[in-house]
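Values quoted throughout were computed directly from the atomic coordinates according to the rules given, and no laboratory measurement underlies them. These numbers come from a predicted model, not from an experiment. Counting neighbours? That spans all protein chains shown, and the Cβs are built from the backbone with ideal geometry, glycine included.
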Amino acid sequence: MNSTIKRAEAAPVPGRKQQGAGLLKRMAKRYDLYLMLLLPIAFYVIFHYGPLYGLQIAFKNFNPARGILDSPWVGFTHFERFFDSYYFWRLLWNTISINLFSLLIAFPVPILLALLVNEIRSRTFSKLLQNITYIPHFISVVVIVGILQAMLSPSAGPVNQLIELFGGTPIRFMEEAGWFKTIFIGSNIWQNMGWQSIIYIAALSGVNPQLYEAAKMDGASRLRRIWHVSLPGIVPVIVILLILDVGQFMNVGFEKILLMQNSLNLESSDVISTFVYTTGILKGEYSYTAAIGLFNSLINLILLLLVNRFARKTSETSLW
């Protein structure tokens, strides 16, 4: 009896063979498409998964002369040093607050812009509006910061000239910590809202026009049609992009912040990414900043998993 059971368990399952053979046949038939995957797969393996080997320096006292393997282990010493430092809470708060305010204020703007473009009946004006809002995305970050400095200059900037015209005193916007986050988030909205609205406009174009006609026949106003037809039609796209944004929650725009940063606004502009650059690259504390970067990435991973699970339970839309 036992031998019969063992032979039955060892016997191959016909369905699995058929599935495997079918997959191989499909791959052989469309081999050209699978060959096209080799380059992106190689890119991710070489530049994303390969460098994970170097994460161990976060737990070592890395010495470039001795290499990664021969550097001594120190455990969680670098993490403890970062958590006990006087600047830990400042870096954490600046990073979280900039991203949180960006998520609350900047994330809905492209959605509103896409709804506005979708409701414009004049095709010429719609295209003009899209082109005007797309252009800032293609301007270099260096040029954007230069424009901000010129516009907000306390001596010759048009913003301060307008303030003086109404009897006010010039404000040093780029040098005051209290203004940094407002300028950074506001300029990000201006620069990226048009480009980010493209995917929402594409999603709105896929909404069934019969739904609008039915709502119109039922007497729904334009705002009602937007609320009950347009928005539900793009909710899955909104959820997916929200999950992706939360997955990058702790990653602030490093280049722009570094260009806008100075000693006078450091209290609000010093974030984890700029601290890693100044301490790790400029000062050569590789192990210490590797530990900080690993801590930053773990927070992103935890937030991504939590938001994805919450979205899957509430809206039945998720990344996986």
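Some observations on this one:
- Neighbour counting of Cβ atoms within 10 Å sorts the residues 258, 52, 264, 113, fewest neighbours leading, into 52, 264, 258, 113.
- Coil-residue trypsin sites (Lys or Arg not before Pro) of the range 69-166, DSSP, other Cβ within 10 Å capped at 15: 121
- Lysine pair count for the range 77-314 with Cα-Cα distance under 30 Å and sequence separation of 8 or more or different chains is 5.
- The HN-Hα couplings worked out from phi for the range 192-203 by the Karplus form 6.51 cos²θ - 1.76 cosθ + 1.60 (θ = phi - 60°) are 10, 5, x, 5, 6, 6, 4, 5, 6, 5, 5, 5 Hz, whole numbers, x standing for Gly and Pro.
- Cβ-placed point charges (K, R +1; D, E -1), dipole of the range 15-75 about Cα centre in debye, nearest 20: 520 debye
- Placing +1 on each Lys and Arg Cβ and -1 on each Asp and Glu Cβ, with no other charges, gives the chain a dipole about its Cα centre of roughly 1620 debye.
- Think of the range 151-284 as a dipole: +1 on every Lys or Arg Cβ, -1 on every Asp or Glu Cβ, centred on the Cα centre; then among 187, 154, 280, 187 lies furthest on the positive end.
- Loop chymotrypsin sites (Phe, Trp or Tyr not before Pro), the range 169-277, which have at most 12 other Cβ atoms in a 10 Å radius of their Cβ (DSSP): none
- The H on the amide N of residue 60, modeled in the peptide plane, is under 5 Å from the matching H of 74, each at least 5 residues off or on a different chain.
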